[in-house]
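Report on the following structure.
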Amino acid sequence: MGLVSAFAIIRALSLFHLTLAFFFLTSPSTIAEQNLVFVLGEAMRLPSPTSFSTPTPATGFLAVVLALLGLSDFTAASLPDEIARIYWAAQVPVRLLFLFVVTGYTYAFKPDGVLAKAGVGYKAGMGEGLKNRLVFTWGFLEVAAWFWVFITLRDERRQAGIRLMEKRKAEENRL
């Protein structure tokens with residue numbers, strides 16, 4: 001069994017989302033200029049986002065979405081254990097897949113990426129706003145955290161199965 005339960009990790013992620021929501025609402029440049037964002041962005045050779053210097057309607061909307069995500073996750077992590085385990089067993093793989101696709105897209109289609117289209121006559125298309133170091137750092141951290149939740153949930157489910165088998169064996173021996 002791990003040192004930290006899956007629901008404690010989810011609650012921490014929820015608080016992280018609420019903190020991000022606050023900063024995107026009040027001062028998005030604080031997030032865009034973080035050292036981790038800079039280091040990961042430079043390591044992956046991703047461009048810096050330019051639209052996060054001041055609060056805008058887009059960062060306000062992002063703050064509302066992150067706040068909703070944080071509050072709903074915090075509520076779902078507070079459900080009774082049996083219900084919460086079923087919910088998160090279905091939710092975590094979907095989130096991992098989505099976040100992995102977003103992070104992979106950000107890296108693979110960056111301006112000089114493996115799958116990037118460039119050259120004469122190239123027009124910026126859909127998803128251009130995703131190809132920056134802020135989106136990549138967010139996706140990378142989310143994938144790492146949700147993978148940790150996934151592994152912890154699997155371990156907790158295995159431990160619960162072992163306890164159930166021992167309980168059934170003890171009841172069978174009593175009869």
### Task
Tell me which residues, restricted to region 1-23, are open to solvent by 20 Å² or more (accessible area, probe 1.4 Å), part of a helix (DSSP H, G or I) and within 18 Å of Arg154 (Cα to Cα).
Ala8, Arg11
### Query
Taking the condition hydroxyl-bearing (Ser, Thr, Tyr), open to solvent by 60 Å² or more (accessible area, probe 1.4 Å) and either at pLDDT 95 or above or more than 21 Å from Trp146 (Cβ to Cβ) (or both), does Ser78 pass?
no
## Note on the structure
Only unsatisfied item for Lys167, checking (1) within 22 Å of Leu13 (Cβ to Cβ); (2) modelled with pLDDT of 90 or more, is (1)
### Breaking point among (1) surrounded by 11 or more Cβ atoms within 10 Å (Cβ to Cβ); (2) more than 20 Å from the chain's Cα centre (by Cα); (3) more than 26 Å from Gln34 (Cβ to Cβ), for Ala116
(3)
### Tally, over region 25-39, of residues that are assigned to a helix (DSSP H, G or I) and either open to solvent by 30 Å² or more (accessible area, probe 1.4 Å) or at pLDDT 95 or above (or both)
7
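Quick check on this structure: which one of Ala67, Ala43, Ala58, Ala90 is crowded, with 17+ Cβ neighbours inside 10 Å and either modelled with pLDDT of 90 or more or in contact with a Cys (Cβ under 6 Å, 6 or more places away or on another chain) (or both)?
Result of the check over Ala67, Ala43, Ala58, Ala90: Ala67.
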### Query
Within the set of pairs 6 or more residues apart or between chains, which connect a residue that is in a helix (DSSP H, G or I) inside region 150-170 to a residue that is surrounded by fewer than 10 Cβ atoms within 10 Å (Cβ to Cβ) with Cβ atoms less than 8 Å apart?
Asp155/Met1; Glu156/Met1; Gln159/Met1
### Task
Of the conditions (1) closer than 19 Å to Phe140 by Cα; (2) part of a helix (DSSP H, G or I); (3) among the basic types (Lys, Arg), Arg85 clears all except one; give me its number.
(1)
## Note on the structure
The one condition Ser72 fails out of (1) part of a loop (DSSP other than H, G, I, E, B); (2) polar (S, T, N, Q); (3) open to solvent by less than 70 Å² (accessible area, probe 1.4 Å) is (1)
### Query
Any chance region 131-146 includes a residue that's open to solvent by 30 Å² or more (accessible area, probe 1.4 Å), more than 24 Å from the chain's Cα centre (by Cα), within 21 Å of Gly41 (Cα to Cα) and touching a residue at least 60 places away in the same chain (Cβ under 8 Å)?
no
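The values are calculated or read from the model by the stated rules, or taken from the named source; none is laboratory data. Model, not experiment: these values are computed from the prediction. In this analysis, Cβ positions are derived from the backbone assuming ideal geometry, glycine residues included, and neighbour counts consider all displayed protein chains. Remember, those area values only see protein heavy atoms, side chains included, never the ligands or the DNA or RNA. Shrake-Rupley method; radii C 1.70, N 1.55, O 1.52, S 1.80 Å.
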